[in-house]
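All remarks here apply to the structure that follows.
None of the figures in this text is laboratory data; all of them are computed from the coordinates on show. These numbers come from a predicted model, not from an experiment. Please note: Cβ atoms are built from the backbone with ideal geometry, for glycine as well, and neighbour counts cover all protein chains shown.
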Amino acid sequence: MLHSLRNTFSLGFKSLWNRRGTAALTLASIAVSAALLSVVDRVRTDAQTSFANTISGTDLIIGARSGDLNLLLYSVFRIGNPTNNISWESFETIQARREVDWLIPMSLGDAHKGFRVLGTNLDYFEHYQYADGLKLSLSTGDTFTGATDAVIGAEVAERLGYAIGQQIVISHGLTATSFVTHDDNPFTVVGVLERTGTPVDRTVHISLAGMDLIHAPPGGFRAPPALDSYEPEAITAVLVGLKSRVAVFSVQRFLNEYQREPLSAVIPGVALQQLWGLIGVAEYALLGVSAMVVLAGVLGLLATLLVSLNERRREMSVLRSVGARPGHIFSLLLSEAALLAFLGALTGLLAVQLAVVLVRPYALAEFGIQLSVGLRVFDFAVLAGILFIAVLVSVIPAWRAYRNSLADGLTVKV
Amino acid sequence: MSDPRAEYAHAVSVEGLKFGYIAGEEVLSIDALAIEPKKRVFLYGPSGCGKSTLLSMIGGVLVPGEGRVSVLDQDLSAMKGSARDRVRADHLGIIFQQFNLVPYLSVVENVCLPCRYSQRRLKRAESDDGAVEASAARLLSELGIDERLRARRSTDLSVGQQQRVAAARALIGRPELIIADEPTSSLDADRRRDFVSLLLAECESADSTVIFVSHDQSLASHFDEAIDLRDINRTERHPDAA
């Protein structure tokens, strides 16, 4: 049985090699379809994982009244712009609630060479968690102690080649190029964070005092006696950790009904689910289109096999004369389809691996998506699925070859 | 090459055979035909007289509408298709007029091809020469195919070389019956005689019965017996075929 199978596949391979021009084109079309399906799923799942890993342990995100998604995107993912600020009094009111364990104030709106600048305090380094409860840690240097100190993310350090002691100038606004720079108040890099695979890597962190310093008129800013006691007039958002998760809904209701200024409080997990729900339709549409491309590739394979049948009738007749049974002819055609499908799908999946290695740094830098390298269960499912469909549709040419071989006998009348 | 073969009375026997591709249009009607083991039979007749049809029946691809066709005393007419295929794989070597070889296989691979489908022939080839490739090499050498050509693709050979490779393929594993269906029609007269002599010598050393079909009667002298198919086929279908 095994010997017969090996014989069939060996003949099938040699037959394909003999027609390698058309076989290569068919293989390429299957490779492209498999690659497309794999890429769409990889980007989809890796984007979800990257987003889900960005924040952990935070019970509520508070900002000025806006949509839940907008608040989540600008405060955590540094995507989009805040609609308004929150007053420091509101921050203190929230801080005074007994359910609250910790708060991280966030002040956004400026950038350095395309990287977002976040004004915050030392609680950020103590309480911010990502992935599965990991805390931020410094690879070199220390957290800020002065108003003009900056702690940069790993990506910022790597891309801009910054190290401790580097002087940087913050630009007003969020674009990579800005006409308004705060070059009268340069900052000094005092710490570089370990890589996290989150937007933290692409953030320049300064103190709240530093944020106010660069926006104050010349000479209009008085440096605080102690950095941690500095109280700005307003901030952009607040990350909240509660003593007990049971209190999430009551605190959320309190904040959403807050009378002194309009606030929004969102639960990160719920907002993420909203995000998946929103983009889920597009994801499945893309997967559907990719599946159609796979089908087109397999139909191309079917067409190739069918077209080749007539010119191969003499070959089949010779095989019959040396003892091949109709079943051998049938399985020869199936083996050719299986080989093309397997090699095509494998080529496509390996090409995806290569492409991922090449575009990985770009995807991380530009979109914050940590693309994973290595074949996954879905890839094996793609491989098996394409193989199955190819073998299934190749039953048609295999059956025709089988019928021809019975009708032609040992002499072909073509 | 001392393989004790099973004893059988006839290599081929045909009794009361009637066959037509279309109902009412008989192509073959043979009362009796018997070919003894190890005989070298020359079967001739004009194109369209039913030679290839008779060979297809002896090869077990076609079955008669009436009567019996037996090979090595096994009644093919009573067998299922798969059993007839097995008889062909194990006991028959077939050489065609042209397009004999599988284009994507090398010369040696073409010669070894029957052993992929018949364990019996595979074992006999291994028993004769130690390995099936060695058996193929010996046959190719005896049939005058240069060693350098063995690894080449069959399509790189001349027509005469291809026919000799086809003969080696038919002979590998020493099948009891060799059927050659006008294998010399594309060769010139000298090469035709050389090919027939070589083929018959090989068949003799393999103890194989030969049925050689041709419309060239000048070759008849090489054989033990010459049969004009028109003499035994009683159909009136091809009176002008002569």
Quick shape check on the range A:365-408: root eigenvalues a ≥ b ≥ c of the Cα gyration tensor, a/c under 1.5 is rounded, otherwise prolate if a/b tops b/c, else oblate, and it reads prolate
Which value, in debye to the nearest 20, gives the size of the charge dipole of chain A about its Cα centre, when Lys and Arg are +1 and Asp and Glu are -1 at the Cβ? 3120
Mind pulling up the Rg/Rh value for the range A:288-414? Radius of gyration and Kirkwood radius, both on Cα. 1.18
Rounded to the nearest whole number, the per residue volume of the convex hull around the C-alpha atoms of the protein assembly as shown in Å³ is 226
Report, by chain and number, residues whose modeled amide H sits under 5 Å from the one on A:K113, excluding near sequence neighbours (fewer than 5 apart, same chain). A:S171
Tell me, what HN-Hα J-couplings in whole Hz come from the Karplus equation 6.51 cos²θ - 1.76 cosθ + 1.60 at θ = phi - 60° for each residue of the range B:153-162, using x for Gly and Pro? 6, 4, 6, 7, 8, 6, 4, x, 5, 4
If each residue of separation counts as 0.36 nm, what is the full-extension length gain between A:T83 and A:L5 once their alpha-carbon separation is subtracted? 21.4 nm
When we measure straight from the Cα of B:K39, which aspartates and glutamates land under 12 angstrom away, once same-chain ones fewer than 8 places off are left out? B:E176, B:E204, B:D207, B:D224, B:E225
Going residue by residue through the range B:116-126, the Karplus relation 6.51 cos²θ - 1.76 cosθ + 1.60 with θ = phi - 60° gives ³J(HN,Hα) values, rounded to whole Hz and with x marking Gly or Pro, of 6, 10, 9, 5, 4, 5, 4, 5, 5, 5, 5
Quick one: Karplus J couplings for the range B:57-67, per residue in order, coefficients 6.51, -1.76, 1.60, θ = phi - 60°, nearest Hz, x for Gly and Pro? 6, 5, x, x, 8, 10, 10, x, x, 9, x
To the nearest whole number, what is the average tally of beta carbon atoms from other chains within 10 Å of the beta carbons of peptide A:10-23? 2
Using the Kyte-Doolittle scale, which helices in chain A average at least 0.5 and also have C-alpha atoms spread 27 Å or more along the helix axis, with helices defined as whole DSSP H runs? A:20-54, A:268-311, A:326-367
Cα centroid of the range A:319-385 to Cα centroid of the range B:211-226, whole Å: 56
Considering only B:L199, B:L55, B:L105, give the residue with the highest GNM mean-square fluctuation for chain B, with springs between Cα atoms whenever their separation is below 10 Å. B:L105
Which aspartates and glutamates have a Cα less than 20 Å from the Cα of A:K14, not counting those fewer than 8 places away in the same chain? A:E311, A:E315, A:E336, B:E109, B:E133, B:D156
Find the centroid of the Cα atoms in the range B:33-79 and in the range A:225-260, then give the distance between the two in whole Å. 98
Starting from the Cα gyration tensor of the range B:1-84, multiply each eigenvalue by 5, take the square root, and state the resulting semi-axes largest first in whole Å. 24, 16, 11
Mean per-residue count of partner chain Cβ within 10 Å for B:111-117 equals 5
Alpha-carbon spread of the range B:12-232, three principal axes, descending order, Å: 53, 37, 30
Counting only other chains, what is the mean number of Cβ atoms within 10 angstrom of the Cβ of each residue in peptide A:322-333? 5
Considering the range B:47-135, what Rg and Dmax in Å follow from its alpha-carbon atoms? 15.1, 44
Please give the FRET efficiency for A:E233 paired with A:V270, using the beta carbon to beta carbon distance and R0 = 35 Å, rounded to the nearest 0.05. 0.70
Rounded to the nearest 5, what is the percent of antiparallel bridges among the DSSP beta bridges in the protein assembly as shown? 65
A:Q353 and B:S185 label points (each 7 Å along its Cα→Cβ direction) are spaced in nm at 5.4
Sequence ranges A:125-133, A:298-306, ranked by mean other-Cβ count within 10 angstrom, highest first: A:298-306, A:125-133
Counting only residues 5 or more places away or on other chains, whose amide H sits under 5 Å from the amide H of A:A131 once H atoms are built in the peptide plane? A:T54, A:I55
Roughly speaking, what is the centre-to-centre gap between the range B:86-119 and the range A:51-67 when only Cα atoms are used, to the nearest Å? 73
Using the eigenvalues of the Cα gyration tensor, what equivalent ellipsoid semi-axes result for the range A:60-266 when each is taken as the square root of five times the eigenvalue, whole Å, largest first? 27, 19, 16
Out of all DSSP beta bridges with both ends in chain B, state the antiparallel percent to the nearest 5. 50
Mind checking which lysines have their C-alpha under 23 Å from A:K135, skipping anything on the same chain fewer than 8 residues away? A:K243
Computed, not fitted: 222 nm per-residue ellipticity of the protein assembly as shown from DSSP H runs ≥ 4 (each -39500 (n - 2.57)), nearest 500, equal to -15500 deg cm²/dmol
